[in-house]
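The structure appears right after this line, and notes come after that.
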Amino acid sequence: MLKIRKFKCCKPVVFLIRISPMTKRLICLDFPLKVALVLLFLFAPPIFGEDELVFWNFWDPKFILPVIQKFEALHPGIKIRNEQLNWGNGLDKIVVAHANKRAPDICELGSTWTGKFMSEGALIDLTEKVRDLSDKLAMWEPATWNGKIYGVPWLVGTRVLFFNKALFRESGLSPQNPPETWDDLINCAQKIHNPKNGIYGIGINAGEGHILYKKFLPFVWGNGGRILDETGKFVFDSLETKEALSFYQRLMVYGLKEKQDILDDAFKRGKLGMEISGSWNFARYPKEAPNLEYDVALIPRPGKNKGHTSSFLGGEILVLFKGCKNPDMAAEFLKFITKAEYALPITKEALVSFPASKEAFSDPFFSADPRFAIFIKQMETAVHPPVHPLWIELESIINDAVEKVLYGGDIDAGLKNATLAYEKISKQYQDRKNGNAYSESTSSGNKSESGETLGFVSSPLSIFLLAAVSLGTLFNAILLLLIYGEVKKNVG
Amino acid sequence: MIGHKSGKTSLKRKSQQTLLFLAPWILTFLIFWLYPLIFSFILSFCDYDIFHPETMRFSGFQNYFRLFSDERFVQGFKNTVFFVFGTTPVITMLSLCLALLLNNIKIGLGFFRSAFFLPSIISIIVVSTIFKFFYSPDGSLNSLMSFFGITSHAWLVETKFAMPAIMAMNIWASIGYYMVLFLAALKAIPVQLYESADVDGAGELQKFRYITLPMIKPMILFVVVINTIRSWQVFPEVFTLTRGGPLGTTDTIVHRLYETAFRFHEMGYSSAMAYLLFAIILGFSLLQMKLLETQK
């Protein structure tokens, strides 16, 4: 049926090339029908491929397609379609698709996104299906919500301290003894720092979103601080955070404030003594800077007898959206693709993150370079940020608070504002959940940094200001008009 | 009588055929332009979180009032105004100067024209990526500056310099496009005008003031208005270079809109931003029409 319709609606196109009187009549006679068919054709694609499982992920298809082929060979009758997303707008695409009930069957989610999707009830409960995997894979926290498992960890990644051995030697430091405590770190950065010669002690992330908090939070966690406590209360405004922030302020003096890729680049050219970065550098540095002498170390802890080393843990979770056509087979596929043998090729080539599968670490690839051992050791103490429905907003609040301090803001005020901002967004979230519309007293998160409550009191002033600016704009344009008129008159 | 009737039906047929040929465009227009346009207008009066479509409520002008009390948005608005009034006059002036220079060149016009035009055909994302490294601490700009003994800066990271750096890039990238427009206008001026001015003994400055300027006035107007509209919508530069940082000093209206809609999923509120921007741009477009009308 569908085939015939498709053919019919293509007909005009075929005939339009050499229009005969008969076709002319045809076109005119059933014109409304034709329009309907064209419309049907436009919306037809989703109807096809009913039994195909759609898999959205962020990787080069060359890693994914072979795995799909093997899976399809093992399970005749199952078809999986691979579609690649990009990190720039992948989340938007997933959110919009979900809102329109067009979400893919199988999807890769960044581990900081899962909180939102799990709490919204968008994902299929996999607790029973993946029970046997619990010992084999790492990083289950971001796949777990209210005691139930909604995803399978695929890849995990963490960050460690990179240091330049040559610069350590030149500054009279021993490359065999990388900094272990916060004071050591400041000391090393201070000794290496020589901006006159273009050499900087340590890289401090700035000037871009989403990155700074990943580099700063390990110091809070290592110091025993937290963002949320067991009851979900916001406890970021704590002594531990303040200590970490003031340490960061002292460290920053000997640092280069830049974006991650520029820091990685500066380190590559031997201009940066230390930086906190990820394993992706292992893929670049040997090729682009074969003479660079560098090593990695655990992220320093607060003191010799205080706190512990910690880092940021993140990665990729594979989930099934509700509406998945074949949850049993899709879950089989998740188990299949997360196996060490299929996750390893991605690690070996892209080196962005490691397999979540614990078996993978016995692969000779990891024992070939002792630096990988540091990563694996760091992963044991690395912390995944809270799995929370409002994590995206929380992340922005924390990032803003740290950035403020980085640019010379007051620590106490910054943390107080962060708490206020969190209270606002959580109230708004509760309101929405209870079915109330947005109320004026709650405004969306990550703003109102000055701490004053913005409501009707200050809005007339703002309205006045904005109106003044708009009027000014208009006034300028009119002035422009007058000037032209004047020129014209003079010419005339 | 019969002939008249058949003429009418053939006319009807003709219009039907026309409609069929136009259908692809009309359909895309309706589905991908008009429908979102109207829907987002309705949304701008609603509280709508894309994750909770069922909680969509009509909230009147609340979204619009909220804009004025939203510090981040107000900051973004101010930054955008700064951007518009910082770039538009400079771009207009510089591209006009370049066009005037090129207009007098006999040899190598094609080469210079292409050279200046090139940046405007490169994707702005590519341009931004190049400039990211150009502005980096030991990038070309700082090497150049240190050659003249000026201290180096982290252009995109320091709050004072981030926005001007983006503006400079925007000026560089769009100057060529407007230059070509001006060049076309200059080439269209009849040579006779200049010849008779020469006969009357007019100087170069007078010729510029009384012949060139009035003749290219419509083009100046066009460039100013188009450029103003484009500047209000500045986004890809900010998105690739700074994401609104440091401390929100490079946040613009469209970037805020994007963040609100696609990071925090508040579609209603971001639609209100979009319609405020729409109103501003509409104002400028109306002004342009008015100006062009007085021309005739």
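Here is how the numbers come out for the structure above:
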read-out	value
Filtered residues of the stretch B:229-250 (kept if buried (at least 23 other Cβ atoms within 10 Å of the Cβ) and either away from every other protein chain (no Cβ under 11 Å) or in contact with a Pro (Cβ under 6 Å, 6 or more places away or on another chain) (or both))	B:V234, B:E237, B:V238
Considering residues of the stretch A:254-284 that are among the aromatic types (F, W, Y) and touching a strand residue (DSSP E or B) at 6+ places or on another chain (Cβ under 7 Å) only, the residue farthest from A:A373 (Cα to Cα)	A:Y254
Of all residues in the stretch A:75-93 being in contact with an Asp or Glu (Cβ under 9 Å, 6 or more places away or on another chain) and aliphatic (A, V, I, L, M), the one that is farthest from the other protein chains (Cβ to nearest Cβ)	A:I78
Among the residues listed as B:G60, B:G108, the single one being of a type in the set (G, A, S), over 30 Å from B:M267 (Cβ atoms) and surrounded by fewer than 16 Cβ atoms within 10 Å (Cβ to Cβ)	B:G108
Every residue from the stretch B:158-170 that is modelled with pLDDT under 90 and not basic (K, R)	B:E158, B:T159, B:F161, B:A162
Checking B:L98 against (1) more than 30 Å from B:T260 (Cβ to Cβ); (2) surrounded by fewer than 20 Cβ atoms within 10 Å (Cβ to Cβ), the condition it does not meet	(2)
Of all residues making up the stretch A:173-214, the number that are among the basic types (K, R), more than 29 Å from the chain's Cα centre (by Cα) and closer than 16 Å to A:A244 by Cβ	0
Residues located in the stretch B:57-80, provided they are without any contact (Cβ under 8 Å) to a residue 24 or more places away in the chain and either more than 20 Å from B:S40 (Cα to Cα) or at the interface with chain A (Cβ under 9 Å from one of its Cβ atoms) (or both)	B:R57, B:F58, B:Q62, B:F65, B:F68, B:S69, B:D70, B:E71, B:V74, B:K78
All positions within the stretch B:6-49 that are more than 11 Å from chain A (Cβ to nearest Cβ), under 27 Å from B:A261 (Cβ atoms) and not hydrophobic (A, V, I, L, M, F, W, C)	B:Y35, B:P36, B:S40, B:S44
Selection from the stretch B:233-281 of residues that are in contact with a strand residue (DSSP E or B) (Cβ under 7 Å, 6 or more places away or on another chain) and either on the phi > 0 side of the Ramachandran plot or not assigned by TED's automatic domain parsing to the domain that holds B:V127 (or both)	B:H265
Pick from the stretch A:416-428, criterion out of contact with any strand residue (DSSP E or B) (no Cβ under 9 Å at 6 or more places or on another chain) and surrounded by fewer than 20 Cβ atoms within 10 Å (Cβ to Cβ), ranking: modelled with the lowest pLDDT	A:K427
Filtered residue count, the stretch B:251-279, keeping only those that are within 9 Å of chain A (Cβ to nearest Cβ) and in contact with a Ser or Thr (Cβ under 7 Å, 6 or more places away or on another chain)	6
Within the stretch A:192-226, tally of residues that are buried (at least 23 other Cβ atoms within 10 Å of the Cβ), in a loop (DSSP other than H, G, I, E, B) and in contact with a strand residue (DSSP E or B) (Cβ under 7 Å, 6 or more places away or on another chain)	2
Test result for A:D125, under 30 Å from A:N399 (Cβ atoms) and surrounded by fewer than 21 Cβ atoms within 10 Å (Cβ to Cβ)	no
Sole residue being of a type outside the set (A, V, I, L, M), surrounded by 15 or more Cβ atoms within 10 Å (Cβ to Cβ) and farther than 30 Å from A:L245 by Cβ, chosen from A:F375, A:F365, A:F361	A:F361
Qualifying residue in the stretch B:232-239 (condition: outside any helix (DSSP H, G or I) and touching a Leu at 6+ places or on another chain (Cβ under 8 Å))	yes
Candidates A:A138, A:A166, A:A103, filtered to the one that is over 18 Å from the mean Cα position of the chain (by Cα) and within 14 Å of chain B (Cβ to nearest Cβ)	A:A103
Filter pass, B:V225 being within 19 Å of the chain's Cα centre (by Cα) and modelled with pLDDT of 90 or more	no
All helices (runs of 4 or more DSSP H) inside the stretch A:56-157 with 1 or more residues being in contact with a helix residue (DSSP H, G or I) (Cβ under 7 Å, 6 or more places away or on another chain) and of a type in the set (S, T, Y)	A:114-119
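Table: residues versus (1) hydroxyl-bearing (S, T, Y); (2) more than 21 Å from A:P385 (Cα to Cα); (3) at pLDDT 90 or above.
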| position | (1), (2), (3) |
| --- | --- |
| A:N164 | no, yes, yes |
| A:Q176 | no, yes, no |
| A:K196 | no, yes, no |
| A:L212 | no, no, no |
| A:N223 | no, no, yes |
| A:E230 | no, no, no |
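Each row is one residue, and each column tells you yes or no for (1) within 24 Å of B:V180 (Cα to Cα); (2) of a type in the set (D, E, K, R); (3) within 19 Å of the chain's Cα centre (by Cα).
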position	(1), (2), (3)
B:I253	no, no, yes
B:E266	no, yes, no
B:S270	no, no, no
B:K290	no, yes, no
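The values are calculated or read from the model by the stated rules, or taken from the named source; none is laboratory data. Quick caveat, the model's predicted, so the values are computed rather than measured. Every residue, glycine among them, receives a Cβ derived from its backbone with ideal geometry; neighbour counts consider all protein chains shown.
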